[in-house]
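Supplied in structure tokens, the structure appears directly below.
The values are calculated or read from the model by the stated rules, or taken from the named source; none is laboratory data. If you're wondering where the values come from, they're calculated on a predicted model, not measured in any experiment. No Cβ is skipped: glycine too gets one built from the backbone with ideal geometry, and neighbour counts run over all protein chains shown. Protein only, heavy atoms only, side chains kept; ligands, DNA and RNA dropped before computing areas. Shrake-Rupley method; radii C 1.70, N 1.55, O 1.52, S 1.80 Å.
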Amino acid sequence: MPKETFLKLSKEKQQKVINAAKKEFARVPIENVSIKNIVEEADIARGSFYQYFESKEDLLIYILKENSEELNNKLRNKVKETNGNIFELYIFLYDSMIEEFTDNSDQELFRQIFINLKSSDENVFDLVKKTKPQDIIEYYEQIDKTKLNIRSHEDLVVICDMLNAITRRAVIKNFKDKSKEECRKIFLQEIEYLKHGIEKKEEKDA
């Protein structure tokens, strides 16, 4: 998070630094981001950068948190609206993330983050985990469990982990494929398989 020095800057100067950072983060994967490019674009001294933020990762977290907080507010309202239907919540989360990450001026920034987000890349993965939308499992008490084949909180954690993986992969796919419609269709199909199972049930004799 930003240091007090950054927060004391005028809004105009803060935005200049943020805009310069977004431009650089959109250019290359985070490990290749150049603080030199950021300070030159923002027209500040290199030393000033470290008076504002601990690191480039710290700066990126600050940028991403703005998006996740707005998404969390929407999610809280949706929990009530759907009466805690976990599958509807994940579909809503997917649609909201696509709208937030691919339909605005920061699309290239998010593309760089998501296409380079691999489970093997612990630094980037941990960074995004700090700024991602609130885990739906945190709404455990409000989730409708009457239609779910679960017996404990741990069972629901497993289900949410699976839905998180499906949703994250589907969002990443949007940055690689041209057809959003096809990506969403596949995502909904995966949700249905998880919802109803893939094993064919044998019909009982009448």
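Through the Karplus equation 6.51 cos²θ - 1.76 cosθ + 1.60, θ set to phi - 60°, convert the phi angles of the stretch 163-171 into ³J(HN,Hα) values in whole Hz; use x for Gly and Pro.
Listing the rounded values in order: 5, 4, 5, 4, 5, 4, 4, 5, 5 Hz.
Something else now. So what J values fall out for the stretch 192-201 if you push phi through Karplus, 6.51 cos²θ - 1.76 cosθ + 1.60 with θ = phi - 60°, rounded to Hz, Gly and Pro as x?
So the Karplus estimates, Gly and Pro as x, are 5, 4, 5, 5, 10, x, 10, 7, 6, 7 Hz.
Counting other Cβ atoms within 10 Å, keep those with at most 12, restrict to DSSP loop, and tell me which trypsin sites (Lys or Arg not before Pro) in the stretch 1-42 are left.
8
Next question, about the same structure. At q = 0.14, 0.16, 0.17 Å⁻¹, work out log10 I(q)/I(0) for the chain with the Debye formula, treating every Cα as an identical point scatterer and leaving solvent out; two decimals please.
-0.91, -1.09, -1.18
Rank these residues by their accessible area, most exposed first, probe 1.4 Å: 100, 138, 108.
In descending accessible area the options line up as 138, 108, 100.
Past 32 Å, Cα to Cα: identify those pairs from 8/74; 22/78; 56/173; 147/180; 11/176; 8/78, in the order given.
Over 32 Å apart, Cα to Cα: 11/176; 8/78.
Relative to the longest principal Cα axis of the chain, at what angle does helix 11-27 sit, 0 to 90 degrees, rounded to 10?
Tilt relative to the chain: about 60 degrees.
Also, quick follow-up: Excluding ligands, DNA and RNA, what is the solvent-accessible area per residue of the chain at a probe of 1.4 Å, expressed in Å²?
Each residue of the chain exposes 62 Å² on average to a 1.4 Å probe.
Residue by residue through the stretch 39-44, what is 3J(HN,Hα) from phi via Karplus (6.51 cos²θ - 1.76 cosθ + 1.60, θ = phi - 60°)? Round to whole Hz and write x for glycine and proline.
Computed from phi, the couplings for the stretch 39-44 are 5, 5, 5, 7, 6, 10 Hz.
Just tell me which aspartates and glutamates come within less than 18 Å, Cα to Cα, of residue 3; anything on the same chain fewer than 8 places away is out.
Cross-link targets: 12, 54, 57, 58, 66.
Okay, next question. Carbon and sulfur atoms: what percent of the 1.4 Å accessible area of the chain do they account for?
Whole-percent figure for carbon plus sulfur exposure: 47.
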